[in-house]
């Protein structure tokens, strides 16, 4: 499972933070031809990321490449059951990736669109949020202001 190799001691127990607004980084395809985009804000655990990766790679068998565009770098803590309030912050339970709407979580290349769509659908079932399948053609429009779109030349 994914988790940071080393974390400074004062950063091990993190604050919860806020998930306001859409994703500002990682909202376009960078490596592959197809992707899985988050439609809701959520914490995605390292176990969920691994389950989605296994589902995708099993479906595409030996063909194609898969990129994981999110990394669980935020820790979450959990107190033992039937513990009274107080006595400090609990130990780290696991690691999560903060995902906002519009974030590309997985990318794929080297397979047909039908195979990629089915693999991403299987991966989406492992996610705790609604997801959308996108292709490179969906990102060929460049915003030029006032809601107008310019068509980008694709070589």
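Read-outs: derived from the displayed coordinates by stated rules, not from any lab. Everything numeric in this text was worked out from a predicted model, so none of it was measured. FYI the Cβ positions are ideal-geometry reconstructions off the backbone, even for glycines, and counts take in every protein chain you see.
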Scanning region 87-108 for residues that are touching a residue at least 12 places away in the same chain (Cβ under 8 Å) and surrounded by fewer than 14 Cβ atoms within 10 Å (Cβ to Cβ) gives 89, 90, 91, 93
I need the full set of residues from region 59-86 which are closer than 26 Å to residue 98 by Cα, over 19 Å from the mean Cα position of the chain (by Cα) and without any contact (Cβ under 8 Å) to a residue 60 or more places away in the chain, in order please.
78, 79, 80, 81
Please specify each residue of region 109-126 satisfying the condition of being under 14 Å from residue 69 (Cα atoms) and surrounded by 18 or more Cβ atoms within 10 Å (Cβ to Cβ).
120, 123
Mind checking which residues of region 25-39 are in a loop (DSSP other than H, G, I, E, B) and either in contact with a helix residue (DSSP H, G or I) (Cβ under 9 Å, 6 or more places away or on another chain) or under 14 Å from residue 70 (Cβ atoms) (or both)?
25, 26, 27, 28, 29, 30, 31, 32, 33
With respect to residue 95, is the statement that it is part of a strand (DSSP E or B) and under 11 Å from the mean Cα position of the chain (by Cα) true?
no
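Here is a yes/no grid of residues against (1) within 22 Å of residue 132 (Cα to Cα); (2) surrounded by 16 or more Cβ atoms within 10 Å (Cβ to Cβ):
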site	(1), (2)
1	no, no
13	no, no
16	no, no
19	yes, no
30	yes, no
41	yes, yes
49	yes, yes
83	no, no
